[in-house]
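Enquirer: Got a structure here, written out as C-alpha coordinates. Questions coming.
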Amino acid sequence: PRPPPPPRARPAPRFLLGAPPPLPRTRPAASRPGGPPPANAADELPRTGDLLPRTSLPLPLAEPQDRLVVTVRGAGGDVDGRFELHCHPDGGSHPHVGDACGRLDRRTTWGKDPFAPVEKGAVCTMMYGGPATAHVTGTWAGRPIDARYDRGNGCEIARWDALVPVLPDLRK
(Lines give C-alpha, C1' and ligand atoms only; values in the text may rest on other atoms or scores of the structure.)
Protein backbone atom coordinates (compact mmCIF):
# COMPACT_ATOMS: atom_id res chain seq x y z
CA PRO A 1 0.00 0.00 0.00
CA ARG A 2 1.05 3.49 -0.79
CA PRO A 3 1.14 6.20 1.90
CA PRO A 4 -1.62 8.80 1.67
CA PRO A 5 -0.69 12.00 -0.15
CA PRO A 6 0.36 14.95 2.05
CA PRO A 7 -2.46 17.37 2.88
CA ARG A 8 -2.76 20.28 0.50
CA ALA A 9 -1.98 23.68 1.89
CA ARG A 10 -4.92 26.06 1.95
CA PRO A 11 -4.42 29.39 0.29
CA ALA A 12 -3.99 32.24 2.74
CA PRO A 13 -7.16 34.22 3.32
CA ARG A 14 -7.21 37.58 1.55
CA PHE A 15 -8.57 39.78 4.26
CA LEU A 16 -7.19 41.74 7.17
CA LEU A 17 -8.21 41.05 10.70
CA GLY A 18 -10.35 43.85 12.02
CA ALA A 19 -11.15 45.14 8.54
CA PRO A 20 -14.73 46.26 7.98
CA PRO A 21 -17.05 43.86 6.16
CA PRO A 22 -17.45 44.35 2.43
CA LEU A 23 -19.63 47.28 1.46
CA PRO A 24 -23.18 46.31 0.50
CA ARG A 25 -24.19 46.66 -3.10
CA THR A 26 -26.77 49.28 -3.87
CA ARG A 27 -29.07 49.70 -6.79
CA PRO A 28 -27.84 51.98 -9.56
CA ALA A 29 -29.05 55.56 -9.19
CA ALA A 30 -31.12 55.30 -12.36
CA SER A 31 -33.25 52.51 -10.88
CA ARG A 32 -33.99 54.31 -7.60
CA PRO A 33 -37.57 55.43 -7.29
CA GLY A 34 -38.10 59.17 -6.99
CA GLY A 35 -35.58 61.95 -6.92
CA PRO A 36 -32.66 62.80 -9.14
CA PRO A 37 -29.57 60.64 -9.15
CA PRO A 38 -26.86 61.62 -6.65
CA ALA A 39 -24.18 64.03 -7.79
CA ASN A 40 -21.49 61.54 -6.91
CA ALA A 41 -21.61 57.76 -7.10
CA ALA A 42 -19.82 57.60 -3.74
CA ASP A 43 -23.04 58.94 -2.19
CA GLU A 44 -24.51 55.50 -2.86
CA LEU A 45 -22.15 53.77 -0.43
CA PRO A 46 -22.20 53.98 3.34
CA ARG A 47 -19.20 55.61 4.97
CA THR A 48 -16.63 53.26 6.45
CA GLY A 49 -17.15 54.75 9.93
CA ASP A 50 -20.82 53.78 9.72
CA LEU A 51 -19.89 50.12 9.33
CA LEU A 52 -17.68 49.87 12.39
CA PRO A 53 -19.24 49.30 15.79
CA ARG A 54 -19.09 52.24 18.12
CA THR A 55 -17.40 51.23 21.33
CA SER A 56 -16.18 53.20 24.24
CA LEU A 57 -12.77 52.03 25.37
CA PRO A 58 -11.35 53.14 28.70
CA LEU A 59 -8.38 55.44 28.39
CA PRO A 60 -5.20 54.24 30.07
CA LEU A 61 -4.39 56.01 33.30
CA ALA A 62 -1.44 58.27 32.70
CA GLU A 63 0.94 59.85 35.12
CA PRO A 64 -0.04 63.41 36.02
CA GLN A 65 1.26 65.77 33.38
CA ASP A 66 1.89 68.64 35.79
CA ARG A 67 4.79 67.49 37.95
CA LEU A 68 7.41 69.85 39.29
CA VAL A 69 10.39 69.58 41.61
CA VAL A 70 11.07 72.77 43.55
CA THR A 71 14.50 73.05 45.18
CA VAL A 72 15.03 76.02 47.51
CA ARG A 73 18.38 76.98 49.06
CA GLY A 74 19.54 79.86 51.22
CA ALA A 75 16.05 80.91 52.34
CA GLY A 76 16.58 79.55 55.84
CA GLY A 77 14.47 77.55 58.21
CA ASP A 78 12.14 74.84 57.04
CA VAL A 79 11.57 76.43 53.61
CA ASP A 80 14.90 75.15 52.29
CA GLY A 81 14.73 71.73 50.67
CA ARG A 82 13.51 69.72 47.72
CA PHE A 83 9.74 69.47 47.27
CA GLU A 84 7.64 67.64 44.70
CA LEU A 85 4.53 69.36 43.41
CA HIS A 86 1.95 67.36 41.46
CA CYS A 87 -1.13 69.08 40.07
CA HIS A 88 -4.17 67.59 38.32
CA PRO A 89 -4.50 65.59 40.58
CA ASP A 90 -2.85 67.46 43.44
CA GLY A 91 -0.19 65.74 45.50
CA GLY A 92 3.48 65.59 46.37
CA SER A 93 5.63 66.72 49.28
CA HIS A 94 5.26 70.49 48.70
CA PRO A 95 4.03 72.20 51.90
CA HIS A 96 1.22 74.11 50.09
CA VAL A 97 0.13 71.79 47.26
CA GLY A 98 -3.40 73.14 46.72
CA ASP A 99 -2.43 76.82 46.89
CA ALA A 100 0.67 76.29 44.72
CA CYS A 101 -1.29 74.43 42.02
CA GLY A 102 -3.98 77.12 42.11
CA ARG A 103 -1.37 79.87 41.72
CA LEU A 104 0.19 78.14 38.72
CA ASP A 105 -3.23 77.57 37.16
CA ARG A 106 -4.05 81.30 37.48
CA ARG A 107 -0.67 82.30 35.99
CA THR A 108 -0.96 79.88 33.08
CA THR A 109 -2.59 81.79 30.24
CA TRP A 110 -2.35 81.50 26.47
CA GLY A 111 0.91 82.95 25.20
CA LYS A 112 2.46 83.56 28.63
CA ASP A 113 4.99 81.37 30.42
CA PRO A 114 4.52 81.43 34.21
CA PHE A 115 8.21 80.50 34.57
CA ALA A 116 9.60 83.03 32.07
CA PRO A 117 12.88 84.71 33.02
CA VAL A 118 13.23 88.46 33.38
CA GLU A 119 13.40 90.00 29.90
CA LYS A 120 16.87 90.89 28.66
CA GLY A 121 17.49 94.61 28.93
CA ALA A 122 14.86 95.12 31.65
CA VAL A 123 15.60 98.06 33.93
CA CYS A 124 15.61 96.69 37.49
CA THR A 125 16.07 98.35 40.85
CA MET A 126 19.36 97.59 42.53
CA MET A 127 17.89 96.08 45.67
CA TYR A 128 19.06 92.84 47.21
CA GLY A 129 16.48 90.39 48.49
CA GLY A 130 18.84 87.94 50.17
CA PRO A 131 20.80 84.82 49.22
CA ALA A 132 17.79 82.57 48.49
CA THR A 133 17.79 80.63 45.23
CA ALA A 134 15.30 78.21 43.73
CA HIS A 135 15.33 75.76 40.86
CA VAL A 136 12.07 74.48 39.37
CA THR A 137 12.18 71.51 36.99
CA GLY A 138 9.63 69.13 35.56
CA THR A 139 6.61 69.46 33.30
CA TRP A 140 3.84 72.03 33.36
CA ALA A 141 0.96 72.20 30.86
CA GLY A 142 2.74 69.59 28.74
CA ARG A 143 5.96 71.62 28.47
CA PRO A 144 9.34 70.95 30.05
CA ILE A 145 10.34 73.39 32.79
CA ASP A 146 13.86 74.29 33.92
CA ALA A 147 13.70 77.67 35.66
CA ARG A 148 16.11 79.27 38.12
CA TYR A 149 15.23 81.99 40.59
CA ASP A 150 17.19 84.32 42.86
CA ARG A 151 16.55 87.59 44.68
CA GLY A 152 19.51 89.58 43.33
CA ASN A 153 17.60 92.66 42.09
CA GLY A 154 14.12 94.17 42.01
CA CYS A 155 13.05 92.30 38.86
CA GLU A 156 14.17 88.93 40.21
CA ILE A 157 12.47 89.63 43.55
CA ALA A 158 9.20 90.46 41.73
CA ARG A 159 9.53 87.31 39.60
CA TRP A 160 10.02 85.20 42.76
CA ASP A 161 7.14 86.88 44.62
CA ALA A 162 4.81 86.31 41.64
CA LEU A 163 5.27 82.55 42.10
CA VAL A 164 4.49 82.46 45.85
CA PRO A 165 3.35 79.90 47.22
CA VAL A 166 5.14 77.67 44.69
CA LEU A 167 8.26 79.38 46.04
CA PRO A 168 8.38 80.34 49.74
CA ASP A 169 7.10 83.77 50.76
CA LEU A 170 10.19 85.72 51.85
CA ARG A 171 8.48 89.12 52.02
CA LYS A 172 7.99 88.82 55.79
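Enquirer: Quick check: anything in region 137-152 in a helix (DSSP H, G or I), closer than 23 Å to Arg67 by Cβ and of a type in the set (A, V, I, L, M, F, W, C)?
Expert: Filtering region 137-152 down to residues in a helix (DSSP H, G or I) leaves none.
Checking region 137-152: not a single residue is in a helix (DSSP H, G or I), closer than 23 Å to Arg67 by Cβ and of a type in the set (A, V, I, L, M, F, W, C).
Enquirer: Restricting region 144-163 to residues that are within 19 Å of the chain's Cα centre (by Cα) and free of Cβ contacts under 8 Å to residues at least 24 places away in the same chain, which is nearest to His88 (Cα to Cα)? Explain how you work it out, then say what you get.
Expert: Our first condition is that a residue be within 19 Å of the chain's Cα centre (by Cα); within region 144-163, this holds for 144-146.
If we keep only those that are free of Cβ contacts under 8 Å to residues at least 24 places away in the same chain too, we end up with 144, 146.
Numbers: Pro144: 16, Asp146: 20 Å.
Among residues in region 144-163 that are within 19 Å of the chain's Cα centre (by Cα) and free of Cβ contacts under 8 Å to residues at least 24 places away in the same chain, the one nearest to His88 (Cα to Cα) is Pro144.
Enquirer: Okay, moving on. Just wondering, is there one or more residues in region 119-128 that are at pLDDT 95 or above and within 25 Å of Glu84 (Cα to Cα)?
Expert: So far as region 119-128 goes, no, none of its residues is at pLDDT 95 or above and within 25 Å of Glu84 (Cα to Cα).
Enquirer: Please verify whether Ala158 is out of contact with any His (no Cβ under 7 Å at 6 or more places or on another chain), modelled with pLDDT of 95 or more, assigned to a strand (DSSP E or B) and small (Gly, Ala, Ser), treating the condition exactly as stated. Working first, answer last.
Expert: On the way: out of contact with any His (no Cβ under 7 Å at 6 or more places or on another chain): yes; modelled with pLDDT of 95 or more: yes; assigned to a strand (DSSP E or B): no; small (Gly, Ala, Ser): yes.
It is false that Ala158 is out of contact with any His (no Cβ under 7 Å at 6 or more places or on another chain), modelled with pLDDT of 95 or more, assigned to a strand (DSSP E or B) and small (Gly, Ala, Ser).
Enquirer: Can you go through Arg82, Arg103, Arg143, Arg73 and tell me which one is at pLDDT below 95 and either under 28 Å from Glu156 (Cβ atoms) or surrounded by 14 or more Cβ atoms within 10 Å (Cβ to Cβ) (or both)? Lay out the reasoning, then the answer.
Expert: Details: Arg82 fails: at pLDDT below 95; Arg103 fails: at pLDDT below 95; Arg73 fails: at pLDDT below 95.
Checking each option against the conditions leaves just Arg143.
Enquirer: On to the next question. Can you name the residue in region 111-137 that is more than 15 Å from Val72 (Cα to Cα) and among the β-branched types (Val, Ile, Thr) and is also least open to solvent (accessible area, probe 1.4 Å) among such residues?
Expert: Among them, the one singled out is Val118.
Enquirer: Taking the condition within 23 Å of the chain's Cα centre (by Cα) and open to solvent by 30 Å² or more (accessible area, probe 1.4 Å), does Thr108 pass? Steps first, please.
Expert: On the way: within 23 Å of the chain's Cα centre (by Cα): yes; open to solvent by 30 Å² or more (accessible area, probe 1.4 Å): yes.
Yes; evaluated as a whole, the condition is true for this residue.
The values are calculated or read from the model by the stated rules, or taken from the named source; none is laboratory data. What you see is a predicted model, and the numbers here were worked out from it, not measured in a lab. Methodologically, a virtual Cβ is constructed for each residue, glycine included, from the backbone with ideal geometry; neighbour enumeration extends over all protein chains shown. Heavy atoms of the whole protein, side chains included, go into the accessibility calculation; ligands, DNA and RNA do not. Shrake-Rupley method; radii C 1.70, N 1.55, O 1.52, S 1.80 Å.
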